[in-house]
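The values are calculated or read from the model by the stated rules, or taken from the named source; none is laboratory data. These numbers come from a predicted model, not from an experiment. Every residue, glycine as well, gets a Cβ built from its backbone with ideal geometry; the counts of neighbours run over all protein chains shown. Accessible surface areas use protein heavy atoms only, side chains included; no ligands, DNA or RNA. Shrake-Rupley method; radii C 1.70, N 1.55, O 1.52, S 1.80 Å.
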Amino acid sequence: MNKRLTALFQHVAKGWVTPTLVLAPFLAGLCLIALPVSTPSVQPEPDRGIWRTAAPAPTKRTEVAAGTLSDKIYVVGGFEQPSLGNVMNLAITPSLEAYDPSADRWTSKAPMPVGLHHVGIGVTGGRLYVIGGYRKSGLSVWQPVATVYAYDPATDAWAERAPMPTARGALSVTGHDGKLYAIGGYDGKANSAAVEVYDPVRNLWAARAPLPTPRDHLATATVSGKVYAIGGRLNGDYHRNLAVMEVYDPVTDQWKRAADLPTARSGITASEVGGKVYVFGGEGEDGTFRENEEYDPARGAWQTMVPMPTARHGLGSAVVHGRIHVISGGPTPGGSFSDLNEVFTPPASR
């Protein structure tokens, strides 16, 4: 090869061959070497949010409710981890604890007038409302109640308000236009289809179109003026979990079916951030759930988000500055307890 190259360059020097003819094959080879190699395109991973851990709650408990008032989170009621100190109350607690995310600190507040669990919770007009639930009656912890207690953080005091028309526990409560919607639940004998709306200004209740699929241990959320009832179970049996989601229009007083929750579960909690609903946790016959699923009403579709660090049921959730605090709950089905405070930041909040 070297002799042939030497001969070619001698011919160029004598003018018998032009430089272009000599260099053309080498230039063509260089061009081929420089061409990029085609590789399959790699799609970026979708942003599914992130989790972190915040200060644990002062009390380990389950079947709690949580709400946000003035950028602080309030966790109320449920069962405490059993001890000699609460055996007389069968571990049902009236405890109210407040969490300040800016300081990552908890404080104890005035307890409810009575211990309750599986309550509904709503916030409106600067007050926290605890609605329905179960209380102790004799040796039973499953006496459904219709009571409504309002907590005023300015005075750290509770006041009893007009009761619900229908006593029930394991219901869910959500707010819309200054009113609170108490939806579904279990009355001790069967699932309730009741949808009752509380007006705190007038201290009055009114009945609305019943829930098409009566159930308990469900979650609710309000987005863009519509009320969503999500998941749950039939007659208190977590072997009969549901994926059903139904949406209520307060203007027309009508319900319709929406896209099913991807994972049938109950004992769940839900929060709204940025016009989307996030559903966390739950329990079933195979254990507790880490699932975190997001519903976008604009698309009418669900997507799977980053799972919870710790699977739990009977937990509460509340939002401060676009971050969802998922608090307490049982790591295993039935009577289990935690003080966990795990914080989910959805993609829209980062």
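Being within 20 Å of Val123 (Cβ to Cβ), modelled with pLDDT of 95 or more and not basic (Lys, Arg) narrows it down to one of Gly236, Gly231, Gly175, so name that one.
Answer to the selection: Gly175.
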Which number in (1) assigned to a loop (DSSP other than H, G, I, E, B); (2) touching a residue at least 60 places away in the same chain (Cβ under 8 Å); (3) surrounded by fewer than 18 Cβ atoms within 10 Å (Cβ to Cβ); (4) not aliphatic (A, V, I, L, M) marks the one condition that Ser336 misses? (3)
Evaluate the following for Arg290: is it surrounded by fewer than 24 Cβ atoms within 10 Å (Cβ to Cβ), under 13 Å from the mean Cα position of the chain (by Cα) and not in a strand (DSSP E or B)? yes
Sole residue being within 28 Å of Arg312 (Cα to Cα), surrounded by fewer than 19 Cβ atoms within 10 Å (Cβ to Cβ), hydroxyl-bearing (Ser, Thr, Tyr) and at pLDDT 95 or above, chosen from Thr222, Thr147: Thr222
Looking at Asp260 and the list (1) open to solvent by 20 Å² or more (accessible area, probe 1.4 Å); (2) within 23 Å of Ala66 (Cα to Cα), which single condition is not satisfied? (2)
Residue within the range 247-260 that is within 24 Å of Leu116 (Cα to Cα), assigned to a strand (DSSP E or B) and in contact with a strand residue (DSSP E or B) (Cβ under 8 Å, 6 or more places away or on another chain) present: no
Considering the range 117-152, residues that are in contact (Cβ under 8 Å) with a residue 40 or more places away in the chain and not in a strand (DSSP E or B), and then whichever is farthest from Thr68 (Cα to Cα), we arrive at Leu139
If I ask for residues that are open to solvent by 10 Å² or more (accessible area, probe 1.4 Å) and in contact with a strand residue (DSSP E or B) (Cβ under 9 Å, 6 or more places away or on another chain), which ones from the range 70-85 would you list? Asp71, Lys72, Tyr74, Phe79, Glu80, Gln81
Count - residues of the range 153-181 that are outside any loop (DSSP other than H, G, I, E, B), closer than 25 Å to Glu80 by Cβ and open to solvent by less than 20 Å² (accessible area, probe 1.4 Å): 3
Looking at Arg312, Arg323 in this structure, which one is touching an Asp or Glu at 6+ places or on another chain (Cβ under 9 Å), crowded, with 18+ Cβ neighbours inside 10 Å and either more than 25 Å from Asp100 (Cβ to Cβ) or of a type in the set (D, E, K, R) (or both)? Arg312
